[in-house]
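Student: Let me begin by handing over the structure; questions about it come next.
The values are calculated or read from the model by the stated rules, or taken from the named source; none is laboratory data. Quantities reported herein were computed from a predicted structural model and do not represent experimental measurements. A quick note on method: Cβ atoms are made from the backbone with ideal geometry, for glycine too, and the neighbour counts reach across all protein chains shown.
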Amino acid sequence: MFPGPLGMSLAGRALNEGRWRCDPLQIRDFATDRHRSVDDTPAGGGAGMVLRADVVAAAIDHAAATAPDLPLIAMTPRGRPLSQARVRALAAGPGVTLLCGRFEGFDERLFEARAIEEVSIGDYVLSGGEMGALVLLDACIRLLPGVMGAASSGDEESFESGLLEYPHYTRPQMWEGRTIPEVLRSGDHARIAAWRKSKAETDTRLRRPDLWERHEGARVQPPSGAR
Ligand code: SAM
């Protein structure tokens with residue numbers, strides 16, 4: 001599954017240029033029985049299988065010994081929702097160890113015994129953590145130096161300032177009776193910037209009232225140290 005789709009396009013080019021790399025570990029390689037079992041039936045009964053703490057911990061400890069001091073993130077539906085701020089911080093850091101679940105998930109004792117941050121990519125259930133890990137990696141990789149090129153730093157994009165991004169247009173100027181807004185053709189950079197800011201604010205307020213509320217809340221906070 002790795003690098004999977006990250007071997008193509010922007011991330012794939014960056015991979016070939018050595019801007020990032022991925023060292024997948026197979027949890028099954030850390031099983032100790034002759035069937036190479038990684039899971040067992042849930043204590044207390046019920047459907048599905050649970051990933052064993054001892055086997056997963058052996059994989060985690062191996063990863064920590066090979067690549068020390070990396071944050072350890074488990075992909076879980078109950079984890080903290082992935083945010084652009086967390087992605088930015090990870091992209092600026094030394095790398096990350098990602099733990100991908102399967103079946104019903106991990107034996108809970110794993111979270112007590114190891115320092116694990118849990119991250120969710122949204123309120124829905126995937127069949128495995130790999131897709132979530134690919135999402136997280138893609139979001140980080142595009143922010144690595146040199147990946148998007150000098151033309152785009154990505155810092156105007158959705159969520160960077162707490163708002164959704166303004167809408168985009170390109171040629172043809174007239175399409176199915178619809179024109180590009182006049183201001184974008186005016187060449188007046190101040191007016192364009194004001195229009196984009198206003199659009200970003202309106203779109204955020206209408207489409208994502210939760211983001212808008214947080215953005216407005218942050219704006220009315222006094223600067224730190226002012227109290
Ligand atoms: N029994 C779990 C529950 O109800 O919360 C779902 C387990 S899911 C079938 C198997 C694995 O997929 C999880 O251990 C996790 O690694 C991954 N996964 C599923 N949904 C996810 C999400 N929204 N975000 C991150 N990882 C997810």
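Student: If you scan the range 141-188, which residues turn out to be under 27 Å from A14 (Cβ atoms) and loosely packed, with under 11 Cβ neighbours inside 10 Å?
Tutor: P145, G146, G149, A150, A151, D155, H168, T170
Residues are listed down the side, and each one gets a yes or a no for (1) of a type outside the set (F, W, Y); (2) more than 16 Å from the ligand (Cβ to nearest atom); (3) not in a loop (DSSP other than H, G, I, E, B):
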{"residue": "G132", "(1), (2), (3)": "yes, no, yes"}
{"residue": "C140", "(1), (2), (3)": "yes, no, yes"}
{"residue": "L143", "(1), (2), (3)": "yes, yes, no"}
{"residue": "G146", "(1), (2), (3)": "yes, yes, no"}
{"residue": "Y169", "(1), (2), (3)": "no, yes, no"}
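Condition check ((1) outside the structural domain of E216 (by TED's automatic domain parsing); (2) under 17 Å from the mean Cα position of the chain (by Cα); (3) modelled with pLDDT of 95 or more) across all residues:
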residue: G122; (1), (2), (3): yes, yes, yes
residue: G129; (1), (2), (3): yes, yes, yes
residue: L164; (1), (2), (3): no, yes, yes
residue: T170; (1), (2), (3): no, no, yes
residue: E182; (1), (2), (3): no, no, yes
residue: K199; (1), (2), (3): no, no, yes
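Student: Follow-up question, since we're still on this one. Out of all the residues in the range 54-76, is one or more over 29 Å from G154 (Cβ atoms) and within 10 Å of the ligand (Cβ to nearest atom)?
Tutor: No, every residue in the range 54-76 fails to be over 29 Å from G154 (Cβ atoms) and within 10 Å of the ligand (Cβ to nearest atom).
Student: Which residue out of S127, S161, S120 is hydroxyl-bearing (S, T, Y), more than 19 Å from G4 (Cβ to Cβ) and out of contact with any strand residue (DSSP E or B) (no Cβ under 9 Å at 6 or more places or on another chain)?
Tutor: S161
Student: Out of the range 77-86, which residues are within 15 Å of the ligand (Cβ to nearest atom), of a type outside the set (G, A, S) and either outside the structural domain of V125 (by TED's automatic domain parsing) or touching an Asp or Glu at 6+ places or on another chain (Cβ under 7 Å) (or both)?
Tutor: The answer is R78, R80.
Student: Right, something else. Give the residues of the range 87-127 that are surrounded by 12 or more Cβ atoms within 10 Å (Cβ to Cβ), within 13 Å of the ligand (Cβ to nearest atom), under 29 Å from R214 (Cα atoms) and of a type in the set (D, E, K, R), sorted by residue number.
Tutor: Across the range 87-127, the qualifying residues are E117, E118.
Student: What tally of residues in the range 34-69 results from selecting those that are of a type in the set (G, A, S), surrounded by 13 or more Cβ atoms within 10 Å (Cβ to Cβ) and closer than 21 Å to T97 by Cα?
Tutor: Residues flagged as of a type in the set (G, A, S), surrounded by 13 or more Cβ atoms within 10 Å (Cβ to Cβ) and closer than 21 Å to T97 by Cα within the range 34-69 amount to 7.
Student: Then there's this: Kindly provide the set of residues from the range 91-114 that are under 25 Å from D138 (Cβ atoms), of a type in the set (G, A, S) and either without any contact (Cβ under 8 Å) to a residue 24 or more places away in the chain or out of contact with any helix residue (DSSP H, G or I) (no Cβ under 6 Å at 6 or more places or on another chain) (or both), ordered by number.
Tutor: Hits for the range 91-114 are A92, G93, G95, G105.
Student: Look through E165, E160 and report the one residue that is assigned to a loop (DSSP other than H, G, I, E, B) and in contact with an Asp or Glu (Cβ under 7 Å, 6 or more places away or on another chain).
Tutor: E165
Student: May I ask you to list the residues in the range 57-103 that are in a helix (DSSP H, G or I) and within 22 Å of S127 (Cβ to Cβ)?
Tutor: Across the range 57-103, the qualifying residues are A59, I60.
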